[in-house]
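One structure below.
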Protein chains: 2
Amino acid sequence: MVDVARTRTQQARREQFIDAALRAIRERGRDNVRIRDIATEAGVSPGSVLYHYPELTELMFDVHRTVADRFYRLRADTVEAAGSAESKLEAAIETGLPSGRDDEVACVLYEMHGLADRSSAHASLMTSLYDREVALYSSVLEVGRATGRFTLSQPVREIAESLVALEDGLGLHLISNNTSLEHSAAKHLLTEYARHATGCAITSS
Amino acid sequence: MVDVARTRTQQARREQFIDAALRAIRERGRDNVRIRDIATEAGVSPGSVLYHYPELTELMFDVHRTVADRFYRLRADTVEAAGSAESKLEAAIETGLPSGRDDEVACVLYEMHGLADRSSAHASLMTSLYDREVALYSSVLEVGRATGRFTLSQPVREIAESLVALEDGLGLHLISNNTSLEHSAAKHLLTEYARHATGCAITSS
DNA sequence: TCAAAACTTGAACGCAGATTCAAAGCCTCG
DNA sequence: CGAGGCTTTGAATCTGCGTTCAAGTTTTGA
């Protein structure tokens, strides 16, 4: 995935196609999306898409990278903005679950997961997102412990990894229309685990 | 999904196609599988597949149903066979994670998840599996509590749902080649949570 | 201002895969 | 054994999508 040098405007154009592809993928599914769909979404002709992305796999990769980054950035920024360790933890939990089935970024992120099976490039993206999310939770836990607000029941990394896995599992069900699991229930489960693991009094308001 | 009446041999033939499709999907991916792949896998011609499954969506549905049932059945049987509540819990955990990337049933099950987005029939299958898994864990927890071996830190249903979500999230990462998460580590996290929630002394041997 | 480069388009082409179907094979039961 | 129904096949057809490309349009920069 070595990037050829591109001008600023070329890069900007590409980003428009990334957004168009994102919407098209959401609409038609990762493997059913046609070049025409992406073109239509971007308001151009199919040839134009190919001109900027001669390799569709590269566009797929960029979409994956983009949703992973956006997902993480929102979380990191929200956590950063929160004051206390407790509210940081609440912020991480709140932003870790897909807001609903209208959550484009989360939906596409889950769609992309499947590519990791067969492409090591996509697997790296997934691993990298996982690592960043674990690191984010870890830092929050460290802060809470350092300030004496949290009493951790397990090693930091274990709690962080469990939180990430838990929200991924819950998110998967929320996005897949599991009617036995509401968003509020998912958040409650996540909060309860966090509460037990940190011994602090956060709420799933 | 009303089934037309079929003879025993017709049903048996269909099951061969389900197995062939399962292998083909594993090989080529849910949306990239061609009729020819399924036919080849079954050792017949494409026309034969269409003869038994005029609607490919029906075959997809049957594959989904089959993997969900196999996955659950193995768990239920293993848990059933275990003696104490502790070993039942260990059995549930052990069978809840994909054994590896060679785990056909688990891999295809995760592939199928994505269909729930757009098909309510598939969403029902997913929900049904979730419900059964939650019920399975719930029953184990009830047994442990009734026999005084478990001291539950949360309502039964919450623990059960958390365990299911946790293993789904962990499984997703294992199947997606997340190099930051080993199978043994996943099992450890699951075990730790179970231990914490039940207050009992199981090990992730 | 103008020439070259970058970009876009839509029509034309080629191909892969779904689908159809007539012919042939093969059960099975009277 | 043989007639009728069930199953399989491979060839023919259809369809839709990717890809190419010559011809136009826009942008750039000198």
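A short reminder: the numbers here are calculations on the coordinates, not readings from a lab. Remember, it's a predicted structure, so these values are computed and weren't measured experimentally. As a convention, Cβ positions derive from the backbone with ideal geometry for all residues, glycine included, and neighbour counts pool all protein chains shown.
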Fill in the blank from the handout: If exposed means GluC sites (Glu not before Pro) lying in a DSSP loop and surrounded by at most 12 other beta carbons within 10 Å, then the longest stretch of chain A lacking such sites spans residues A:56-181
Exercise for the section: Please report how far the C-alpha centroid of the stretch B:26-75 lies from that of the stretch A:141-164, rounded to the nearest whole angstrom. Expected result: 45 Å
Problem - Charged-residue dipole, Cβ positions (Lys, Arg, Asp, Glu), the stretch B:96-153 about Cα centre, Debye nearest 20 - result: 280 debye
Completion exercise
Mean-square fluctuation maximum in Gaussian network of chain B, Cα pairs under 10 Å, restricted to B:Leu136, B:Leu56, B:Leu125, hits B:Leu56
Fill in the blank from the handout: The size of the Cβ-based charge dipole (Lys, Arg +1; Asp, Glu -1) of the stretch A:49-135 about the Cα centre, to the nearest 20 debye, is 120 debye
Exercise for the section: Step through the residues of the stretch B:31-43 one at a time and calculate ³J(HN,Hα) from phi using the Karplus curve (6.51 cos²θ - 1.76 cosθ + 1.60, θ = phi - 60°), rounding each to whole Hz and writing x for Gly and Pro. Expected result: 9, 10, 6, 9, 4, 4, 5, 5, 4, 4, 4, 8, x
Handout entry: Cβ-based exposure ranking for B:Thr57, B:Thr66, B:Thr203, in which fewest neighbours within 10 Å come first
Key = B:Thr203, B:Thr57, B:Thr66
Problem - Cα centroid separation - the stretch A:93-135 against the stretch B:80-130, whole Å - result: 20 Å
Fill in the blank from the handout: Rounded to one decimal in Å, the inverse mean reciprocal Cα-Cα distance for the stretch A:1-97, i.e. its Kirkwood radius, is 15.0 Å
Problem - Sorted by Cβ neighbour density within 10 Å, fewest at the top, the residues B:Ile93, A:Ile35 - result: A:Ile35, B:Ile93
Completion exercise
A:Glu58 and B:Thr40 label points (each 7 Å along its Cα→Cβ direction) are spaced in nm at 2.9 nm
Practice task
Provide the per-residue ³J(HN,Hα) series for the stretch A:148-162, in order, calculated from phi with Karplus coefficients 6.51, -1.76, 1.60 and θ = phi - 60°, each as a whole number of Hz, with x at glycine and proline positions.
Solution key: x, 7, 10, 10, 6, 8, 8, x, 3, 4, 5, 5, 4, 5, 5
Exercise for the section: Put a label point 7 Å from Cα along the Cβ direction on A:Arg14, then list its distances to the equivalent points in the other copies in nm, shortest first. Expected result: 4.9
Fill in the blank from the handout: What the Cα atoms of chain A span along the principal axes, largest first and in whole Å, is 59, 40, 30
Handout entry: All lysines inside 26 Å of B:Lys88 as judged from Cα atoms, apart from same-chain residues fewer than 8 positions distant
Key = B:Lys187
Problem - Summed side-chain charge close to A:Gly29 - residues other than A:Gly29 whose Cβ falls under 11 Å, Lys, Arg +1, Asp, Glu -1 - result: 0
Handout entry: Dimensionless Rg over Rh [the stretch A:110-205; C-alpha; Kirkwood]
Key = 1.03
Problem - Dipole of chain A, positive direction: furthest Cα of A:Ser120, A:Thr66, A:Thr147, with charges on the beta-carbon - result: A:Thr66
Problem - chain A: relative contact order as a whole-number percent, Cα under 8 Å and 6+ apart - result: 19 percent
Exercise for the section: Sum up the charges of everything whose Cβ sits under 10 Å from the Cβ of A:Leu115, counting Lys and Arg as +1 and Asp and Glu as -1, but leave A:Leu115 out. Expected result: -1
Practice task
Could you run the Karplus curve 6.51 cos²θ - 1.76 cosθ + 1.60 with θ = phi - 60° over the stretch B:124-137 and give me ³J(HN,Hα) per residue in whole Hz, x for Gly and Pro?
Solution key: 5, 4, 4, 4, 4, 5, 4, 4, 5, 5, 4, 5, 4, 4
Exercise for the section: Order by neighbour count: B:His183, A:His52, A:His122, fewest other Cβ atoms within 10 Å first, most last. Expected result: B:His183, A:His52, A:His122
Problem - Selection from A:Gly47, B:Thr40, A:Leu172 lying farthest towards where the dipole of the protein assembly as shown points positive, charges on Cβ - result: A:Gly47
Fill in the blank from the handout: What the Cα atoms of the protein assembly as shown span along the principal axes, largest first and in whole Å, is 65, 60, 33
Practice task
Could you work out which residue, out of A:Gly29, A:Gly100, A:Gly43, moves most in a Gaussian network model of chain A, that is, has the largest mean-square fluctuation with Cα springs under 10 Å?
Solution key: A:Gly43
Exercise for the section: Enter the Cα centre distance for the pair the stretch B:183-205 and the stretch A:165-194, rounded to the nearest angstrom. Expected result: 20 Å
Handout entry: 7 Å along Cα→Cβ, label-point gaps from A:Ala146 to other copies, nm, shortest first
Key = 5.0
Practice task
With +1 on each Lys and Arg Cβ and -1 on each Asp and Glu Cβ, and nothing else charged, work out how big the dipole of chain B is about its Cα centre, in Debye to the nearest 20.
Solution key: 320 debye
Practice task
Mind listing the label-point distances from A:Ala201 to the same position on all other copies, shortest first, one decimal in nm, points 7 Å along Cα→Cβ?
Solution key: 3.4
